[in-house]
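Here the structure is laid out as structure tokens; the discussion comes afterwards.
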Amino acid sequence: MHQPSLDAIRTAADELADAIIETPVLPLSADRWQGLLPKGADVTIKLELFQQTGAFKARGALLGIRRLGADQRAAGVVAASGGNHALGVSWAAKEAGISALICMPRAVDPARIAGCKALGAEVQLFDDMAGAFAAMNKAAGAGRTLMHPFEADHMVLGAATCGLEYCAQAPDVDVFVVPVGGGGLISGMASAIRHLRPNAQIIGVEPFGADSLYRSLASGQPETLDKVDTMADSLGAPMSLPGTFGICQKLVDEVVRISDAEMAEAMRLMQAHMAITAEPACAASLAAIMGPLKHQLAGCKIGIIACGSNISIPRFAELTALSEG
């Protein structure tokens, strides 16, 4: 897996143009943000939570499914996910008229399970993500095409179309701050950004309890975590994998880490100041520029991304209570 060319990214964007939403970019310039953001910085946020299925994952999932051969379409697809990728694959499979099997942990937000079923996917529940991945691999061995949540060319290309859009919508941004789960979003966005804005700074954000890319960049090789411990289930990939890690190693300037409490506070502020009910991953970029990057990015033109939000009101209330403690 390598950084896709600009022509490949533009071709992917053209393939998706009839179904994928060009999500808006909003300046965080209201007085209510004063004192919270880096001093003297201009900050914009790309609202990818308004994408199909509520997350950027729809881009890569649709691209991958549209590129399947006839035999693969007949056999259907399978994915293991805690939510946003599951919803993206379910929607893309419905759009293509093919079968989708989604393997999920029982503990995920019930709204995500219901969303996959409403899109026509078959959902199987397991005690943990390890069980879901084992079932996914078994189904792939029986003939279904495996739709990996990040370690796939189509997922990187899908995310790259988001970076392509952002560069066009915010031509002055010189620092992009991107959430990291498995690395598909940041490797794709970085691929586009480096083609179009080679001198821009690209910074990843991970929770302390799921910092596989941070550790991988430090060691120089993909690392697997002993455990994942974060409320941000969309950022809870337990490992980095060679393809996306290689792109990030080449293109990403640094990765910073944030706590669950910092994400919870950013979630609370997005609700209070923007009326957006954000899941933790959606608030991660904001949490980073209000926290570990606040002084470093003073005076910069910053682009952050609300990468997606599929969360129920009870779950949101439960998680934002962390910011009050």
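The values are calculated or read from the model by the stated rules, or taken from the named source; none is laboratory data. Small disclaimer: the values here were computed from a predicted structure and weren't measured. Please note: Cβ atoms are built from the backbone with ideal geometry, for glycine as well, and neighbour counts cover all protein chains shown.
For segment 302-323, the candidate set comprises residues that are touching a Lys or Arg at 6+ places or on another chain (Cβ under 8 Å) and at pLDDT below 95; within that set, the residue that is nearest to residue 175 (Cα to Cα) is 308. The one condition from (1) out of contact with any Leu (no Cβ under 8 Å at 6 or more places or on another chain); (2) more than 14 Å from residue 9 (Cα to Cα); (3) surrounded by 22 or more Cβ atoms within 10 Å (Cβ to Cβ) that residue 150 does not meet is (1). Scoring residue 172 on the criteria (1) assigned to a loop (DSSP other than H, G, I, E, B); (2) surrounded by 22 or more Cβ atoms within 10 Å (Cβ to Cβ) leaves a single failure, condition (2). Among the residues of segment 1-49, those that are surrounded by 13 or more Cβ atoms within 10 Å (Cβ to Cβ), part of a helix (DSSP H, G or I) and either without any contact (Cβ under 8 Å) to a residue 60 or more places away in the chain or among the acidic types (Asp, Glu) (or both) comprise 11, 15, 48.
Confirm whether residue 170 is closer than 30 Å to residue 289 by Cβ and out of contact with any Leu (no Cβ under 9 Å at 6 or more places or on another chain). It is true that residue 170 is closer than 30 Å to residue 289 by Cβ and out of contact with any Leu (no Cβ under 9 Å at 6 or more places or on another chain).
Only one entry in 41, 55, 75 is within 21 Å of the chain's Cα centre (by Cα) and of a type in the set (A, V, I, L, M), namely 55.
Looking only at residues of segment 229-250 that are part of a loop (DSSP other than H, G, I, E, B) and in contact (Cβ under 8 Å) with a residue 24 or more places away in the chain, we find that the one that is surrounded by the fewest Cβ atoms within 10 Å (Cβ to Cβ) is 238. Out of 260, 253, one residue alone is free of Cβ contacts under 8 Å to residues at least 60 places away in the same chain and not hydroxyl-bearing (Ser, Thr, Tyr). It is 253. Considered as a group, the residues in segment 195-218 that are hydrophobic (A, V, I, L, M, F, W, C) and part of a helix (DSSP H, G or I) include one that is farthest from residue 292 (Cα to Cα), and that residue is 196. Criterion first (surrounded by fewer than 24 Cβ atoms within 10 Å (Cβ to Cβ) and over 20 Å from residue 237 (Cα atoms)) does residue 66 satisfy it? Yes: the conditions hold for residue 66.
From 279, 265, which residue is more than 18 Å from the chain's Cα centre (by Cα), assigned by TED's automatic domain parsing to the domain that holds residue 32, buried (at least 17 other Cβ atoms within 10 Å of the Cβ) and of a type outside the set (Lys, Arg)? From the options 279, 265, the qualifying one is 265. Would you check if there is a residue in segment 125-146 being touching a residue at least 24 places away in the same chain (Cβ under 8 Å) and within 26 Å of residue 22 (Cα to Cα)? Among the residues of segment 125-146, not one is touching a residue at least 24 places away in the same chain (Cβ under 8 Å) and within 26 Å of residue 22 (Cα to Cα), which makes the answer no. One residue is enough: does segment 186-203 have a residue meeting the conditions in the same structural domain as residue 36 (by TED's automatic domain parsing) and over 22 Å from residue 300 (Cβ atoms)? Looking through segment 186-203, at least one residue is in the same structural domain as residue 36 (by TED's automatic domain parsing) and over 22 Å from residue 300 (Cβ atoms). Within the set 97, 88, 83, 131, the sole residue that is modelled with pLDDT under 95, in the same structural domain as residue 62 (by TED's automatic domain parsing) and within 20 Å of residue 53 (Cα to Cα) turns out to be 83. Taking the conditions exactly as written (surrounded by fewer than 21 Cβ atoms within 10 Å (Cβ to Cβ), without any contact (Cβ under 8 Å) to a residue 40 or more places away in the chain, over 16 Å from residue 305 (Cβ atoms) and of a type in the set (A, V, I, L, M)), does residue 218 satisfy them or not? For residue 218, the condition - surrounded by fewer than 21 Cβ atoms within 10 Å (Cβ to Cβ), without any contact (Cβ under 8 Å) to a residue 40 or more places away in the chain, over 16 Å from residue 305 (Cβ atoms) and of a type in the set (A, V, I, L, M) - is met.
Yes/no matrix, rows are residues, columns are (1) in contact with a helix residue (DSSP H, G or I) (Cβ under 9 Å, 6 or more places away or on another chain); (2) farther than 23 Å from residue 179 by Cα; (3) of a type outside the set (D, E, K, R):
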{"residue": "50", "(1), (2), (3)": "no, no, yes"}
{"residue": "60", "(1), (2), (3)": "yes, no, yes"}
{"residue": "84", "(1), (2), (3)": "yes, no, yes"}
{"residue": "96", "(1), (2), (3)": "yes, yes, yes"}
{"residue": "101", "(1), (2), (3)": "yes, yes, yes"}
{"residue": "107", "(1), (2), (3)": "yes, no, yes"}
{"residue": "149", "(1), (2), (3)": "yes, no, yes"}
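Each residue in segment 212-232 was checked for being closer than 23 Å to residue 318 by Cα and acidic (Asp, Glu), and 1 of them qualify.
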